[in-house]
Structure formats: C-alpha cells, structure tokens
Amino acid sequence: GWQASMKLGSLSYILSCNRLPVQLMSQVRVYTSNGQKKDLGSEDTNRSAREETLQKVETGQDTTNAGQKQSALKQPIQVKVKAVLKKREYGPKYTQNNFITGVRAINEFCLKSSDLDQLRKIKRRSPHDDTETFTVYLRSDVEAKSLEVWGSPEALARERKRRKEAEIKYRENLFRNQRLLWEYREFFGNTKPRSSTATMFFKGPGKVVMVAICINGLNFFFKLLAWVYTGSASMFSEAIHSLADTCNQALLALGISQSARTPDPSHPYGFTNMRYIASLISGVGIFMMGAGLSWYHGIIGLLHPHPIESLLWAYCILAGSLVSEGATLLVAINEIRRSARAKGLSFYQYVVQSRDPSTNVVLLEDAAAVLSVAVAATCMGLTSLTGNPYYDSVGSLGVGTLLGTVSAFLIYTNTEALLGRSIEPEQLQRLTELLESDPVVRAIHDVKATDMGMSKVRFKAEVDFDGRVVTRSYLEKQDIEQLLQEIQQVKTLEELEAFMLKHGENIIDTLGAEVDRLEKDLKQRNPDVRHVDLEIL
C-alpha cells in the first residue's frame with residue numbers, strides 16, 4: 001500500500017490504495033455505506049480530523065497493509081445526493097399546449113360554434129390594440145372534439161377537402177356576380193355615394209394630379225396643332241413634352257387610386273408604395289418619351305435643317321402654355337408647402353425626401369415645362385431674327401436635356417424611397433431615448449427605423465429587459481400574504497414544479513404586457529410609427 005498527502009486550499013485528501021474518502025466542508029446530508037444517514041459537522045470538526053491524520057503521517061506512524069485495509073473499511077463512503085427533475089422529451093413537434101382562436105378552430109377542424117361551448121375557455125392577452133383580452137382554446141381539446149364529431153381523421157380530412165372545393169366554387173360565383181353587378185351599374189348608372197377612392201382626387205395630391213392632367217392634355221393638343229402648322233422642332237419637343245406629362249400624370253392617378261386599397265393577407269402592410277412605383281415609372285417615361293424624342297428631333301434638325309413657317313401662332317400657344325403650366329405649378333407648390341409645414345420640414349427637405357411622390361412629379365414636371373417654354377421661345381425667337389434654323393434645333397436639345405435631368409432626379413428619389421431608407425437621426429434618437437429611459441429596459445441593440453413611404457415608419461429593436469423589474473411589477477399586483485402561504489405549503493418536488501409553472505407563466509404574461517405598453521408609447525410619441533417590432537433578448 002501507499003499513502004499520499006495533497007492539499008488544495010483548506011482541503012486535504014488522503015488517498016489510499018483501495019478507498020477514496022470524500023470530506024465535505026459544508027454541512028450536508030449524506031448516505032453512508034452501511035445505509036445510515038449522517039449529518040456532517042461544521043468546518044472545525046473536519047479541520048481537526050484532517051490535522052490529526054496529517055500529524056500521524058508526519059510522525060511516521062507505520063501500519064501494515066492489513067491495518068490500512070481495516071481502517072479503510074471502518075471509514076464510511078460519503079455520497080452527496082442531488083435532487084433534480086426528470087427532463088421531459090417533447091419531440092420535434094409538440095402542440096399539446098398550443099392555443100388557437102375560435103375562428104381557426106371552426107375553419108381548420110370543421111366544428112360549429114356550439115361545439116366550442118363545451119370546451120374549456122381561456123382568457124389571454126389580446127394581440128390587437130382595440131381589445132385587452134380574448135378567448136382561446138387548447139389545441140388538444142379542439143383536436144379531440146373534432147375527432148369526436150367526425151369519428152376519424154380520415155373523415156375530417158374528407159370534410160376539409162369538401163369545404164375547400166366549396167370555397168373555391170364560392171369565390172368563382174362571387175367573381176361572376178361582381179362582374180354582373182358592374183355591368184348592371186354601367187347600364188343603369190351607379191347611384192351609390194362617391195367612394196373614398198374617388199374623393200381622393202378632389203383634395204390633396206389627387207387634386208393636383210387631376211388639374212395637371214386636364215391642363216397638360218389641352219396643352220398637348222394646341223402644341224401639336226402649332227407644330228403641324230409651323231414645323232418647328234422646338235414646338236414638336238413641347239408637344240411631346242406635354243404628351244409625356246399627360247401620360248405620366250395619368251399613371252400617377254392610377255398609383256394614387258391603387259394606394260388607397262386596404263391591406264390583404266398577400267400585402268399585410270398595404271399598397272402605399274404604389275405611389276412611388278407610379279412615380280418611378282413616370283420618371284422613366286419622361287426620360288424615354290420626353291427627353292429621347294426631343295433629342296432625336298433636335299439632332300435630325302441639325303443634320304437636315306429646313307426653313308420654318310411663321311411662328312406667330314406658335315408664340316401665342318407658348319404664351320398660353322406658360323400661363324397654364326404656371327398655374328399648375330403654383331397649385332403644386334402650395335400643396336407641398338402645406339404638407340411640409342404639417343410635417344415640420346422645409347420645402348427643400350420635403351421635395352428631396354420625396355415625402356409625397358405624386359405631388360413631387362407634378363411640381364418638377366411643371367417646373368421643367370415652364371423652363372422649357374422659356375427655352376423654346378428664346379430659340380424660336382433667335383431663329384425668327386436670324387433666319388437660322390439651327391437655333392430651333394438647339395432649343396429642342398435643351399428641352400430634352402432639361403427633361404432628362406428631371407427624370408434622373410425622380411428615378412433617384414423614388415428608388416431611394418422604395419429601397420427603405422432610415423428616418424431622420426434626431427427622430428430615431430428620440431425613440432431610442434424613450435426606450436432607454438424606461439425602468440424595465442436594460443439596453444437596446446440593433447435599432448432600425450425604416451420609412452415605408454407616405455409617412456409610415458416601421459420600428460425594430462432588440463430589447464434586453466430587466467427581469468427583476470418585470471417580476472416586481474408582477475408581485476405588485478399579487479397578494480403577498482397569500483403568495484407566502486403558497487410558498488410555505490410547498491413540500492415536494494411536484495408541488496414546487498406546479499408553483500413555479502403557475503407563476504412563471506404569469507410573469508411571461510407580465511413581460512408581454514410591458515412590451516405592449518412600450519409599443520403604445522412609441523406610437524404615441526411619434527404618430528408616423530405604424531409598426532413596432534420589439535424582440536426580447
């Protein structure tokens with residue numbers, strides 16, 4: 001046999017050839033080798049035993065191997081017992097504790113509302129802002145009830161298939177009836193009150209677009225007559241410009257009407273970006289139709305010049321166009337000033353940030369129209385004075401360049417808006433400070449605030465919540481004396497588990513209520529924030 005002495009801090013272990021006695025410093029309950037429970041003494045008792053053993057070793061006390069074995073047999077083996085709960089295996093798919101709403105239970109499990117009356121009803125915190133609580137059912141109860149009603153999973157599957165076919169047939173009939181109703185209205189006239197979509201064209205950006213369509217349509221007609229009479233390249237460019245403006249503004253009107261559609265399951269955030277899409281296409285149309293044809297006609301005029309007829313009528317039409325385009329420009333300027341003042345922005349910031357793409361297109365198109373009228377009139381005047389048709393062709397190239405610049409600006413600003421740009425740093429800082437100043441929040445990370453268009457902001461952040469504050473908020477709403485009595489009644493592991501599960505779920509609900517409160521505060525602080533996503537770290 002052999003003996004060795006090893007010290008680690010205040011612990012000493014005596015290693016023998018066939019036993020490893022374990023000595024614990026703290027006072028715990030152990031089980032000995034002879035089946036008897038034993039409570040260890042304090043640290044002083046253990047220390048005295050260790051010192052006595054070390055003293056025997058240091059004085060060179062010699063014992064035989066038999067004596068060592070006998071002493072080892074007399075020394076009990078001490079084992080610490082740790083009480084743990086058995087881990088539950090839930091498997092890859094576990095839905096027994098899931099809650100589902102009554103509508104989903106009726107649709108997915110082919111039940112009636114009377115069938116749900118017999119099931120357990122559970123009140124849960126509502127995810128909607130207009131209601132505080134709503135009723136849900138345990139998925140396991142609903143599944144059991146559906147099997148009771150239909151008899152077997154196969155019968156339930158057949159009923160689901162039948163209802164799916166009936167739904168498809170209903171939609172087909174609904175589409176057919178809507179088409180017949182539309183034809184009926186076309187034949188007898190529509191006597192219903194004006195819809196909300198139609199009223200959009202009598203105020204705000206819709207009014208600006210409709211005024212621009214009417215004026216630009218008339219301008220195109222008269223400019224086209226002047227070009228046919230005079231053959232002026234500049235007048236042709238002006239006619240093409242007015243035609244491009246009319247088509248683009250009709251496209252803007254379509255975008256405005258589509259943006260008013262209500263959200264559906266395929267587009268949960270709505271159709272507000274249709275205005276930006278229409279403005280983007282409008283910018284491309286200005287570049288291709290307006291700038292492209294103007295450049296083409298100007299280059300042809302430079303390569304093959306021809307004399308120009310009397311420009312008197314052309315001047316008169318240009319003057320009328322200048323007045324009409326100027327009136328539309330003033331309407332657009334007044335609308336942008338009003339909207340910018342309501343948002344607390346300057347006129348320049350409102351235009352550059354493309355807050356209202358439809359009005360921006362009208363503003364820039366009419367501004368370009370006024371400048372192009374001035375350019376065309378100047379070049380035509382030079383042609384009249386000098387008799388040189390090259391000035392008129394240069395004017396066509398100038399109008400094309402002006403339209404190309406406007407189209408490039410529209411394409412850039414609407415592309416930036418569709419990509420989802422961030423809100424202003426000052427606005428984002430105010431939202432961040434609101435979260436950080438709340439006692440329930442420890443820290444926030446990965447903050448993103450995206451402008452979804454038309455003054456709709458989506459805010460997202462990962463929040464590190466203070467569990468102690470959340471728990472204290474839960475305890476403030478409880479009867480502490482009753483809670484203390486529940487704690488004192490806990491004697492077994494099963495009772496402890498039931499106690500923890502009950503209050504743990506309530507604390508999670510309290511955390512959800514705190515998240516709802518923060519989201520509501522964010523929306524009240526900034527009305528532009530429509531969607532808030534707070535992720536719990």
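The values are calculated or read from the model by the stated rules, or taken from the named source; none is laboratory data. Nothing here was measured: the structure is a model prediction, and the numbers come from that model. Cβ sites come from the backbone with ideal geometry, for glycine too, and all protein chains shown count toward neighbours. What goes into the accessible areas is simple: the full protein's heavy atoms, side chains included, and nothing from ligands, DNA or RNA. Shrake-Rupley method; radii C 1.70, N 1.55, O 1.52, S 1.80 Å.
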Discussion item. Going by what's in this entry, would N388 be described as in contact with a Leu (Cβ under 8 Å, 6 or more places away or on another chain) and either open to solvent by less than 30 Å² (accessible area, probe 1.4 Å) or within 30 Å of D451 (Cβ to Cβ) (or both)?
Written reply: no
Worksheet, complete the sentence: How many residues of the range 230-273 are open to solvent by 60 Å² or more (accessible area, probe 1.4 Å), more than 22 Å from N219 (Cα to Cα) and of a type outside the set (D, E, K, R)? The answer is 7
Item to complete: Select from the range 335-390 the residues that are farther than 17 Å from K203 by Cα and among the acidic types (D, E) and list them in ascending order.
Response: E365, D366
Discussion item. Can you tell me how many residues within the range 318-357 are open to solvent by less than 20 Å² (accessible area, probe 1.4 Å) and not in a helix (DSSP H, G or I)?
Written reply: 2
Worksheet entry | Residues of the range 334-380 that turn out to be modelled with pLDDT under 80 and among the basic types (K, R), as a count | 2
Fill in: Residue in the range 400-413 that is among the polar types (S, T, N, Q) and more than 23 Å from G217 (Cα to Cα) present
yes
Worksheet item: Going by the conditions given, is A408 touching a Phe, Trp or Tyr at 6+ places or on another chain (Cβ under 9 Å), closer than 21 Å to Q353 by Cβ and crowded, with 17+ Cβ neighbours inside 10 Å?
Response: no
Item to complete: May I ask you to say which residue of I423, I411 is more than 26 Å from I299 (Cβ to Cβ), in contact (Cβ under 8 Å) with a residue 24 or more places away in the chain and β-branched (V, I, T)?
Response: I423
Worksheet entry | Within the range 76-122, considering residues that are assigned to a loop (DSSP other than H, G, I, E, B) and of a type in the set (G, A, S), the one modelled with the lowest pLDDT | A83
Fill in: Exclusive hit being farther than 30 Å from S259 by Cα and surrounded by 12 or more Cβ atoms within 10 Å (Cβ to Cβ), set L475, L501
L475
Fill in: Given (1) open to solvent by 30 Å² or more (accessible area, probe 1.4 Å); (2) of a type in the set (S, T, N, Q); (3) under 43 Å from the mean Cα position of the chain (by Cα), index of the condition N360 fails
(1)
Discussion item. Pairs needed: first member in the range 433-453, closer than 26 Å to Q353 by Cβ and in contact (Cβ under 8 Å) with a residue 24 or more places away in the chain; second member anywhere, assigned to a loop (DSSP other than H, G, I, E, B) and open to solvent by 70 Å² or more (accessible area, probe 1.4 Å); C-beta distance under 9 Å; at least 6 residues apart or different chains.
Written reply: M452/Y269
Discussion item. Looking only at residues that are open to solvent by 50 Å² or more (accessible area, probe 1.4 Å) and among the β-branched types (V, I, T) in the range 508-537, which one is farthest from P268 (Cα to Cα)?
Written reply: I508
Item to complete: Considering (1) assigned by the TED database to the domain that holds S455; (2) not in a helix (DSSP H, G or I), say which one N388 fails and leave the rest.
Response: (1)
Fill in: Top-ranked residue of the range 423-451 - restricted to ones that are open to solvent by less than 50 Å² (accessible area, probe 1.4 Å) and charged (D, E, K, R), ranked as modelled with the highest pLDDT
D438
